[in-house]
Amino acid sequence: MRGERLPWTLLGAGLVSYSGGIIYHNATAGGQSATLGPSPADIGWLLFYPACYAAVIMLLRRRLVRLHRSVWLDAVVGVLGIAALTSGLAVLMARSNAELDVWSLTINVVYPVADLLLILLVVTVFGLLGWRPGRVWWLLGASLVGFAGADSLLLVIVEAGWEPPVGVLSTLWLFSTLTPALAAWVRPRWQPSARMSGWGVITVPLALAVLALGLLVLGATVDLPPVTVALAAATVLAALARAACTFVEVQHLVESSVLARTDDLTGLANRRAFLERLARLEHDGTAGRAVLLLLDLDRFKTINDSLGHHTGDALLIQVGSRICAALRPGDLLARLGGDEFAVLLDNADADVARRVADRILAILAEPFDVGGTTLHVTASIGAAIHPDD
């Protein structure tokens, strides 16, 4: 697919680089056991990771409607958290392997950190896509997790001085190499653009914030380097900033939800909000009797045509205000459109509906003062009783 050629090309280049490292290692190491020492093959292996990161992010960008600002804060939390973890791992490995030089230590710290980033990236993608990413992402995610698992397993085996189980690791690496190739050939099914929602969005930053807190607590009992403590503290601060940004975004969503269910002119509930309330009433098996009143102003078109729409709008605002004054607490008033209003009376019967309708008609019979013009309005009201009608 034209729009996805670049990320798949990057992933393919990463696999070529990874394969080059394997070919060089097999050609030079022969039958020797794996060691912790650096090798030119590490260049090919390590270049695979940034290619994967870039490819995954570019593919994800095509599925999301837009990236919120909080996602960029997630990246900051991730970088700081991984940096804190890296510095802590480096100190622990240096203490347990005093014979390693700086290059060997660096290489062997980078691999587990890069694998962890790969797993966190996959988890983040699946969370952003609502854990229903589709066949392509399942294949690609399984491949990347397989790479991370195989590399981590090899590092643990070599660190412990054991002989690597060639069959198991080779099978896992072969699976991890073939799976993205299959994913690249699978034509993805059409799916709507994903929207960032749910717990999956904050899973990774939350985990890294907990990790940073753990490092800070550990630093109180174990001698950790100042840079590790500083990075852990920065991670917690970034996570707090992310939480504050999320709070603001949630407020905006709430405001948008309210606006979507509010009539712009009168400030009353609109047709959508009223229909949602009716739907809840219909599906609520414990709901009592209720009455729906539909109200329509008589000859309102004449007022609009003779005095202008601005006068008609001002009149509708006053009409809505007066109807509200005639209702009971808890009753719902909505403007369905034009000069049509609806009232939902909970726990009401025909007698209650008649009394409320009479109050509405009486209060609307009083003259309206609209911009210095006195207007007289009458209305027609119909009623339906739930669940009878």
Which of the residues belonging to the stretch 263-303 are in the same structural domain as residue 356 (by TED's automatic domain parsing) and of a type in the set (Val, Ile, Thr)? 286, 291, 302, 303
Might you let me know whether the stretch 273-283 holds any residue that is outside any helix (DSSP H, G or I) and surrounded by 12 or more Cβ atoms within 10 Å (Cβ to Cβ)? no
Within the stretch 12-35, is even one residue within 29 Å of the chain's Cα centre (by Cα), in a helix (DSSP H, G or I) and modelled with pLDDT under 85? no
Taking only pairs six or more apart or across chains, which ones have beta-carbon atoms under 7 Å, a first residue in the stretch 126-153 that is more than 19 Å from residue 174 (Cα to Cα), and a second residue that is assigned to a loop (DSSP other than H, G, I, E, B) and charged (D, E, K, R)? 134/189
Could you grab me the full set of residues in the stretch 325-353 that are free of Cβ contacts under 8 Å to residues at least 40 places away in the same chain, surrounded by 16 or more Cβ atoms within 10 Å (Cβ to Cβ) and part of a helix (DSSP H, G or I)? 326
Where residues in the stretch 209-224 are assigned to a loop (DSSP other than H, G, I, E, B) and of a type in the set (Val, Ile, Thr), which of them is surrounded by the most Cβ atoms within 10 Å (Cβ to Cβ)? 222
Conditions (1) hydrophobic (A, V, I, L, M, F, W, C); (2) exposed (fewer than 14 other Cβ atoms within 10 Å of the Cβ); (3) modelled with pLDDT of 85 or more; number of the one not met by residue 234: (2)
Does residue 187 count as within 30 Å of the chain's Cα centre (by Cα), surrounded by fewer than 16 Cβ atoms within 10 Å (Cβ to Cβ), modelled with pLDDT under 80 and in the same structural domain as residue 62 (by TED's automatic domain parsing)? yes
Residue list for the stretch 363-386, filter: of a type in the set (A, V, I, L, M, F, W, C), touching a residue at least 24 places away in the same chain (Cβ under 8 Å) and either closer than 16 Å to residue 326 by Cα or touching a strand residue (DSSP E or B) at 6+ places or on another chain (Cβ under 7 Å) (or both): 363, 364, 368, 375, 377, 379, 381, 383, 384, 385
Starting from the stretch 245-260, take each residue that is under 18 Å from residue 334 (Cα atoms) and small (Gly, Ala, Ser) and list its partners that are modelled with pLDDT of 75 or more and assigned to a helix (DSSP H, G or I), counting only C-beta distances under 7 angstrom and pairs at least six apart or across chains. 260/272
Identity of the residue in the stretch 266-301, at pLDDT 90 or above and of a type in the set (Val, Ile, Thr), that ends up farthest from residue 351 (Cα to Cα): 266
Considering only residues of the stretch 284-322 that are part of a helix (DSSP H, G or I), free of Cβ contacts under 8 Å to residues at least 40 places away in the same chain and of a type in the set (D, E, K, R), which is surrounded by the most Cβ atoms within 10 Å (Cβ to Cβ)? 301
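The values are calculated or read from the model by the stated rules, or taken from the named source; none is laboratory data. Because the structure is predicted, anything quoted here is derived from the model rather than measured. Glycine also receives a Cβ, built like all others from the backbone with ideal geometry; neighbour counts cover every protein chain displayed.
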